[in-house]
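The values are calculated or read from the model by the stated rules, or taken from the named source; none is laboratory data. What you see is a predicted model, and the numbers here were worked out from it, not measured in a lab. No Cβ is skipped: glycine too gets one built from the backbone with ideal geometry, and neighbour counts run over all protein chains shown. Quick note on the areas: whole protein, heavy atoms, side chains included, nothing else; ligands and nucleic acids left out. Shrake-Rupley method; radii C 1.70, N 1.55, O 1.52, S 1.80 Å.
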Amino acid sequence: MRRLAVFLASSNGHDPAHAALAAGVGTELARQGIGIVYGGGRRGLMGVVADSALKAGGEVIGVMPRSMIEREWAHEGVTELLMCDSMHERKALMAEHADAFVALPGGLGTLEEIFEVWSWRQLGFHTKPIGFLDAGGFWTPLLSALRDIADSGFLPPSTLDDLAVAPDLPGLLEALQERLRSTPQPAHGENLR
C-alpha cells in the first residue's frame, strides 16, 4: 500500500481522544512510508493528521475544490495540493491517488465520502479495500445499524463482511493489506432487494 485515503472531520469534535487518534495515524503512516490522501483541509482532524504526517516526514496529498481553496480552507504546507472544481471530482481524484480508504471519526462529509467509495467497490468500479478505524467504539453504532440493514435484506452480508474494521491502526492496516494481497472481487452480483 503506497497511499491511503483518509476521510475524517474538519473539526476536532468534543473528545480530545479524536485529535490524538488523528495525530497517531498521521505519524504512524509516515513512519511506515504510507502516503496520505485527504481532503486538503488545515482545520480539525484533517489538519491534525496532515500536520503529524508532515512532521514525521510523510507524504500528504490534499484534494480540494477551488471554491474551498478560495475561502482559505486549504492546508498550505502539504506535499501536493490538487485543485478540482467539485466535491464529486474531489472524491474521484482521491480515489485515483489512493490504494485503500479508511474512515476516522467524522460527520456527514466523512460518511458521505466513505459510503460513496464503498458503494463504488460494491458495484465493481474498483477493488480497493475500505475500512473503518473503530477506535474507542466510535463507529460501533453505525456498524450495528449496517448489520440490521443486512439482516433486513437491503445489504448483502458479503458486502458487510468485505469491510475492514479494527479498533487500532495496526489491525486495520493488516486487514487492508490482506484484502489488497487477495484482491477480492466486489460483492456486486447479489440481489440487493
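Mind counting the residues in segment 120-157 that are under 21 Å from LEU21 (Cβ atoms), exposed (fewer than 13 other Cβ atoms within 10 Å of the Cβ) and among the hydroxyl-bearing types (Ser, Thr, Tyr)? Total meeting the criteria: 1.
With the requirement that a residue be aliphatic (A, V, I, L, M) and either under 21 Å from PRO65 (Cβ atoms) or open to solvent by less than 30 Å² (accessible area, probe 1.4 Å) (or both), what does segment 22-44 give you?
Passing the criteria: ALA22, VAL25, LEU29, ALA30, ILE34, ILE36, VAL37.
Residue pairs whose Cβ atoms lie under 6 Å apart, sitting 6 or more positions apart in sequence or on different chains, and linking a residue in segment 144-169 that is within 26 Å of LEU180 (Cβ to Cβ) to a partner that is surrounded by 17 or more Cβ atoms within 10 Å (Cβ to Cβ) and charged (D, E, K, R), are VAL165/ASP134; PRO167/ASP134; LEU169/GLU28.
Condition check for SER11 on (1) small (Gly, Ala, Ser); (2) in a helix (DSSP H, G or I); (3) open to solvent by 60 Å² or more (accessible area, probe 1.4 Å): one failure, at (2). Does at least one position in segment 15-28 carry a residue that is part of a loop (DSSP other than H, G, I, E, B) and over 18 Å from LEU173 (Cβ atoms)? Scanning segment 15-28, I find at least one residue that is part of a loop (DSSP other than H, G, I, E, B) and over 18 Å from LEU173 (Cβ atoms), so the answer is yes. When residues in segment 41-84 are screened for being within 13 Å of VAL6 (Cα to Cα) and in a strand (DSSP E or B), 5 of them pass.
Only one of the numbered conditions (1) of a type in the set (Gly, Ala, Ser); (2) under 30 Å from ALA150 (Cα atoms); (3) not in a helix (DSSP H, G or I) is violated by GLY33, and that is (2).
Taking segment 98-112 as the range and being open to solvent by less than 50 Å² (accessible area, probe 1.4 Å), closer than 16 Å to GLY41 by Cβ and of a type outside the set (Gly, Ala, Ser) as the test, the residues that pass are LEU104, PRO105, THR110.
Restricting attention to segment 158-180 and to residues that are in contact with a helix residue (DSSP H, G or I) (Cβ under 8 Å, 6 or more places away or on another chain) and acidic (Asp, Glu), the residue that is most open to solvent (accessible area, probe 1.4 Å) turns out to be ASP168.
Only one residue in MET87, MET68, MET94, MET83 is open to solvent by less than 20 Å² (accessible area, probe 1.4 Å) and among the aliphatic types (A, V, I, L, M), so which one is that?
Just a single option satisfies the conditions, and that option is MET94.
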